[in-house]
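Quick notes on the structure that follows.
The values are calculated or read from the model by the stated rules, or taken from the named source; none is laboratory data. Nothing here was measured: the structure is a model prediction, and the numbers come from that model. Because the Cβ atoms are built from the backbone with ideal geometry, glycine has one as well, and the counts that use them run over all protein chains shown. For accessibility, only protein heavy atoms count, side chains too; no ligands or nucleic acids. Shrake-Rupley method; radii C 1.70, N 1.55, O 1.52, S 1.80 Å.
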Amino acid sequence: AGALTLGGEVDIRSSQTPKDVSQMTGDELRLEFMYLNSSTNSNRELDKVIAKNNAQIEHRVWEDEDNASPPIVYYIGGDHIEYVPSTQETLAVGHGELVLRDPRKPDIESHQSALAGKGTTRFTWSQKLQTLQLSKELYRLNMNGDVEMVHKSLEGQIGMITSNAIEAIAIDPNPYSQSESISELTMRGMELKQLKATGDVYVATESRRVDCDVFDYNLQTGLAKLSAQKGKQVAIVT
């Protein structure tokens, strides 16, 4: 259904409400469209966004309409990013980073630690990030190549994980309803629920150091399963 290519420090912004804004930037942005009804070639909808060179996609949400409080932030930066608005599936090739920031006060029953909970979480990688929609609300995030995760809680606790790869499960707390238009350049935030680091895993917090081959961590309960390959060991120092 056609495409539109914009070049030269492109900056595109979109808002669904006064309390949110999505922004996409890059040296070149390509918008690819599709027909909702292929038989009549009518009603074009945005199918994919491709951002190249210094590509960045960010979504911010404020709790108040006056935007006085710090926003919730979902950000992806990289060399080459492809984004599908209808599913929120994203591909980032090359060196890149993913930042999740949630400054809201946590629920009393939710798990909070140096590796999980409210605060700021930053992932970096050297090869690729790919997100896959598993259901309307559930997503799987795969990061490969010298992956590092750094989390800072609202209380200032800092935790770090480094590994060859990280697979994370996240949910969209505000999924699209069937009546909403998905043709806008709009992202939604994601909340991490589970992550699995594999290959040369190193975990560090203020009170503990861990070396293993697999670190399977439930961010909702705070329980982790550690394992090592045959002939190797799990090392925990408290």
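Some notes on this structure:
- Index of the failed condition, Val93 passing every other in (1) closer than 27 Å to Leu134 by Cα; (2) in contact with a strand residue (DSSP E or B) (Cβ under 8 Å, 6 or more places away or on another chain); (3) touching a residue at least 60 places away in the same chain (Cβ under 8 Å): (3)
- Just one of the listed residues (Glu109, Glu137) is farther than 23 Å from Ile50 by Cβ and either aromatic (Phe, Trp, Tyr) or without any contact (Cβ under 8 Å) to a residue 12 or more places away in the chain (or both), namely Glu109.
- Some residue of region 35-46 being surrounded by 15 or more Cβ atoms within 10 Å (Cβ to Cβ), in a loop (DSSP other than H, G, I, E, B) and in contact (Cβ under 8 Å) with a residue 24 or more places away in the chain: no
- Of the strands (runs of 3 or more DSSP E) lying entirely inside region 167-238, the ones with 3 or more residues being surrounded by 14 or more Cβ atoms within 10 Å (Cβ to Cβ) and at pLDDT below 95 are found at 191-204.
- Conditions (1) touching a residue at least 60 places away in the same chain (Cβ under 8 Å); (2) under 16 Å from Ile169 (Cα atoms); number of the one not met by Thr131: (1)
- Residues (in a loop (DSSP other than H, G, I, E, B) and open to solvent by less than 10 Å² (accessible area, probe 1.4 Å)) located in region 72-111: Pro85, Gln88
- For region 7-34, taking the residues that are charged (D, E, K, R) and part of a strand (DSSP E or B), the one that is least open to solvent (accessible area, probe 1.4 Å) is identified as Asp20.
- Whether a residue is hydrophobic (A, V, I, L, M, F, W, C) and over 15 Å from the mean Cα position of the chain (by Cα) was assessed, and Ala168 does not pass this test.
- Taken over region 51-70, the criterion of being over 16 Å from the mean Cα position of the chain (by Cα), of a type outside the set (A, V, I, L, M, F, W, C) and crowded, with 16+ Cβ neighbours inside 10 Å is satisfied by Lys52 alone.
- Any hit, region 124-131, residues being surrounded by fewer than 18 Cβ atoms within 10 Å (Cβ to Cβ), in a strand (DSSP E or B) and of a type in the set (A, V, I, L, M): no
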